[in-house]
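Reviewing the structure listed below.
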Amino acid sequence: MANTQDPFGLRVLESEGTQYRVRRYVKKSTNAIYPGDAVIAAATGDIDVATGADGVVLLGVALEYGAAGSTAEIGVCDDPNAVF
């Protein structure tokens with residue numbers, strides 16, 4: 001059977017308790033944010049997609065889509081007990 005490419009990013013597998021914590025953060029960056037993308041807190045106070053060169057602590061994982069160049073509120077799983 002051939003492998004299929006199905007990129008989906010990070011997914012929450014479990015958390016302490018029955019539900020994981022989700023908070024809404026504002027996205028103002030020019031980058032698009034997709035569900036499953038790791039996000040960081042930008043110096044401007046909003047969120048941005050994390051890159052390998054950032055060298056900063058991750059805020060969490062985006063659960064919603066935010067178009068490039070737009071301002072949007074995005075749900076982010078920032079539960080410190082979540083397993084991805």
Derived scalar couplings ³J(HN,Hα) [segment 41-47; Karplus, 6.51 cos²θ - 1.76 cosθ + 1.60; whole Hz; x for Gly, Pro]: 7, 6, 4, 7, x, 9, 10
Averaging sequence separations of C-alpha pairs under 8 Å and six or more residues apart, then dividing by the length of the chain, give the relative contact order as a whole percent. 39 percent
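Which of the peptides 26-32, 7-13 is most tightly packed, and how do the rest follow, going by the mean number of other Cβ atoms within 10 Å of each residue?
Ranking, from highest mean packing down: 26-32, 7-13.
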Starting from the amide H of LEU59, placed 1.01 Å from N in the peptide plane, find each other amide H under 5 Å away whose residue is 5 or more places distant or on another chain. VAL39, ILE40, ALA41
I'd like the Karplus ³J(HN,Hα) series for segment 22-39: coefficients 6.51, -1.76, 1.60, θ = phi - 60°, whole numbers in Hz, and an x wherever there's a Gly or Pro. 10, 10, 9, 10, 8, 10, 10, 6, 7, 7, 7, 10, 10, x, x, 6, 6, 10
Rounded to the nearest 10 Å², what accessible area does THR71 have for a 1.4 Å probe in the complete protein model? 100 Å²
I'd like to check one number: the per residue accessible area of the chain, probe 1.4 Å, reported in Å² as a whole number. 68 Å²
Carbon and sulfur together cover what percent of the accessible area of the chain at a 1.4 Å probe radius? 52 percent
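The values are calculated or read from the model by the stated rules, or taken from the named source; none is laboratory data. Only a predicted model underlies this, so the values are computations on that prediction, with no experimental measurement involved. Cβ sites come from the backbone with ideal geometry, for glycine too, and all protein chains shown count toward neighbours. What goes into the accessible areas is simple: the full protein's heavy atoms, side chains included, and nothing from ligands, DNA or RNA. Shrake-Rupley method; radii C 1.70, N 1.55, O 1.52, S 1.80 Å.
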